[in-house]
Amino acid sequence: MSKKLSIKELAKLAGVSTATVSRILNEKGGYSSETEEKVLRIVKETGFSINVAAKALRTNISKSIGVVVPDITNEFFSRIVRQISLYFLAYNYSVFVCDSNESLEIEKKYISELQSRNIDGIIYVQGQNNNGLEDMDLKIPVVYIDRSPVNADVVIESDNFLGGVIVADELLRLGCKNLIAIRDIHNLSSINDRIEGFISRLREENVESKIFYIDNPTVEDGKIKMQEIIDSGYKFDGVFASNDIVSIGVYNTLKNNGIAVPKDVKLIGFDGNELIKSCFDFLLTIDQDVEKMAVEGCKILYEMMTEDISIKTRIKIPVSLNRGRGESNGTFN
């Protein structure tokens, strides 16, 4: 049919009341399986669709969620968004994706906009550690993924501390004596935990290390900082880059200075970036189970929205070392 049907017209075609059609479309029960089958068949044949906005006003349920991420161009966050979208598509939810550009001010603007759209819940990957929602009096469930702000009730994150420990153990196993770490200066729980795990493990082995800071976790900042370290004459034979993007910048500078990886310097990143693993498969990295992290967050948010319950939990997803071809002692630059 070319004309858009009303629920009254649909009910007439099915030979039932509008109340029955409404109960079937909203899965409220109180009807036979035969009636349900008949109504849904006519819905499919006619292409009938519910006015979502109108339904949201009536029921206060919009069948939509918001996802706030700090940088959608980062493969790690893109993979999270993709998994969330696929998960909620199966439940006929719309997903509004917001890129905050690591800005708390932008995050708050997006949250206000999402509230005005009457969304049912939020999955939040914050750009900073401070909880931008504390002063916003939200009445909807929120699940935090990857980063753990202060006073968050539900957090799904990788075991970043363990990841830092694994990095330290691997560099020590490879014979490194003079270790450094390069991290961005932002106060993020994920990065803080990685570095803390790294330092703690080295201290247990009475091995000193030095931390160098960059303004942003980018290839360019990694390149510049590595060059500064080399120019300063600081001696090192093992580098922990707090993410894979920074690791590429570090690698490029080492290569440009005639320093071979992994022959002269061992280098380990973090995240398990798929593109980087394909193009630079000789670099070591810590793999995060992004899909599992996203799905766990989706499951909890869906339960909170549909069951109208509050949940307090913190789930840590295991990480693992991906050696690629890095186990070899050869030269790859």
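Looking only at residues of the range 96-114 that are out of contact with any strand residue (DSSP E or B) (no Cβ under 8 Å at 6 or more places or on another chain) and assigned to a loop (DSSP other than H, G, I, E, B), we find that the one that is modelled with the highest pLDDT is ASN101. Looking at GLY238, GLY297, GLY269, just one residue is within 18 Å of the chain's Cα centre (by Cα) and either within 30 Å of SER62 (Cα to Cα) or touching a residue at least 40 places away in the same chain (Cβ under 8 Å) (or both), and that residue is GLY297.
For (1) touching a His at 6+ places or on another chain (Cβ under 9 Å); (2) in contact (Cβ under 8 Å) with a residue 60 or more places away in the chain, each residue gets a yes or a no:
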{"position": "THR73", "(1), (2)": "no, no"}
{"position": "ILE84", "(1), (2)": "no, yes"}
{"position": "PHE88", "(1), (2)": "no, yes"}
{"position": "CYS98", "(1), (2)": "no, no"}
{"position": "GLU102", "(1), (2)": "yes, yes"}
{"position": "ILE106", "(1), (2)": "no, no"}
{"position": "TYR110", "(1), (2)": "no, no"}
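Taken over the range 73-95, residues that are out of contact with any helix residue (DSSP H, G or I) (no Cβ under 6 Å at 6 or more places or on another chain) and not in a helix (DSSP H, G or I) amount to 7. For the range 184-200, does any single residue satisfy the condition of being farther than 24 Å from ILE317 by Cα, small (Gly, Ala, Ser) and either crowded, with 19+ Cβ neighbours inside 10 Å or assigned by TED's automatic domain parsing to the domain that holds ASP71 (or both)? No; the residues of the range 184-200 include none that is farther than 24 Å from ILE317 by Cα, small (Gly, Ala, Ser) and either crowded, with 19+ Cβ neighbours inside 10 Å or assigned by TED's automatic domain parsing to the domain that holds ASP71 (or both). Scanning the range 279-310 for residues that are outside any helix (DSSP H, G or I), surrounded by 14 or more Cβ atoms within 10 Å (Cβ to Cβ) and among the aliphatic types (A, V, I, L, M) returns LEU283, LEU284, ILE286.
Close Cβ contacts (under 6 Å, 6 or more residues apart or on different chains) running from residues in the range 179-194 that are farther than 13 Å from LEU267 by Cα to residues that are part of a helix (DSSP H, G or I) comprise ARG183/ILE191; ARG183/ILE195; SER190/ASN160; ASP193/ASN160; ASP193/PHE161; ARG194/ASN160; ARG194/GLY163; ARG194/GLY164.
The values are calculated or read from the model by the stated rules, or taken from the named source; none is laboratory data. The model shown is predicted, which means the values in this text are computed figures rather than measured ones. Please note: Cβ atoms are built from the backbone with ideal geometry, for glycine as well, and neighbour counts cover all protein chains shown.
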